[in-house]
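To start, the structure under review is shown below, and the notes come after it.
The values are calculated or read from the model by the stated rules, or taken from the named source; none is laboratory data. Not measured: the values here are computed from a predicted model. Cβ: placed from backbone, ideal geometry, glycine included. Neighbour counts: every protein chain shown. All accessible areas refer to the heavy atoms of the entire protein, side chains included, with ligands and DNA or RNA removed. Shrake-Rupley method; radii C 1.70, N 1.55, O 1.52, S 1.80 Å.
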Amino acid sequence: MQAIQDRRSIRKYKKDEVPVSAIEEVLRAGMLAPSSKNRQPWRFIVAAGREKESFLDAMRSGLEREKTQPLLPESACYLGGAENTFRIMEQAPVLILILNTLGVDLHAAAGPEERIFEICNAQSIGAAVQNMTLTATELGLGSLWICDTYFAYQELCCWAGGDLAAVMALGYPDEEPGPRPRKSLEEAAEWRI
């Protein structure tokens, strides 16, 4: 419960390297997450140093393409947020890419079964990322769960060689943000007894 209460989305990182043992512990935590039918639909890519720069080049290319040939035309108002997220990713010493190994092609027509599988895979991957962020907190690391990569989805999936579901920035925090407002229990829960 303490890690849940202490976890924050970190947007400023120190330049200090993250030990491999800490990264491995974060990855193991993700792998211990529950998954629908125990399919474990995740694969992780740890990007640091030159490989992180290569990943960021692919994202930069996608963000530029999005301005003229948008994959997400109705989300154009959020492109500035994605550019800010890019700057955060530049600071973080490590990026962990989370791929959906069972993902359905974004442009494929999905029937009800495929759609349900995608929902189940998304829940499973979400559980893995949550485990990872909590473990990072316990280790004194900061993390940021990133989905703004969808603006560069094509370029990043090509770079990663698979269906990119999310990215997690990881490093030692250089900020101490307070808790964000949350709904009250009365707002969030309905009891039917």
Mean Cα-pair separation over length for the chain, i.e. relative contact order, pairs under 8 Å, 6 or more apart, %
39
Between the range 101-164 and the range 48-79, what's the alpha-carbon centroid distance in Å?
16
If you place +1 on the Cβ of every Lys and Arg, -1 on the Cβ of every Asp and Glu, and leave all else neutral, what size is the dipole of the chain about its Cα centre, to the nearest 20 Debye?
220
Judged on accessible area alone, 1.4 Å probe, highest first, GLU25, GLU175, GLU186 line up as GLU186, GLU25, GLU175
Specify the residue with the greatest mean-square fluctuation among PRO173, PRO34, PRO112, computed from a Gaussian network of the chain linking alpha-carbon atoms under 10 Å apart.
PRO112
For GLU24 and TRP191, what does the FRET efficiency come to when R0 = 45 Å and r is the distance between their Cβ atoms, rounded to the nearest 0.05?
0.60
Förster-model FRET efficiency, 41 Å R0, GLU138 and ARG115, C-beta, rounded to 0.05
0.70
Probe 1.4 Å, all protein chains present, accessible-area order of VAL104, VAL129, largest first:
VAL104, VAL129
Check cross-link reach from LYS37 to the aspartates and glutamates: straight Cα distance under 17 Å, and skip same-chain residues fewer than eight apart.
GLU113, GLU114, GLU118
GNM, the chain, Cα, under 10 Å: largest mean-square fluctuation among LEU139, LEU97, LEU106?
LEU106
Under 19 Å from the Cα of LYS12, which lysines turn up, not counting those fewer than eight places away in the same chain?
LYS52
Using only the heavy atoms of the protein chains and a 1.4 Å probe, how would TYR150, TYR13 rank by accessible area, largest first?
TYR150, TYR13
To the nearest 20 debye, the range 5-60 has a Cα-centred charge dipole, built from +1 on Lys and Arg Cβ and -1 on Asp and Glu Cβ, of 300
Everything considered on the Cα gyration tensor (a ≥ b ≥ c; rounded for a/c under 1.5, else prolate if a/b is larger than b/c, else oblate), the range 1-173 must be described as oblate
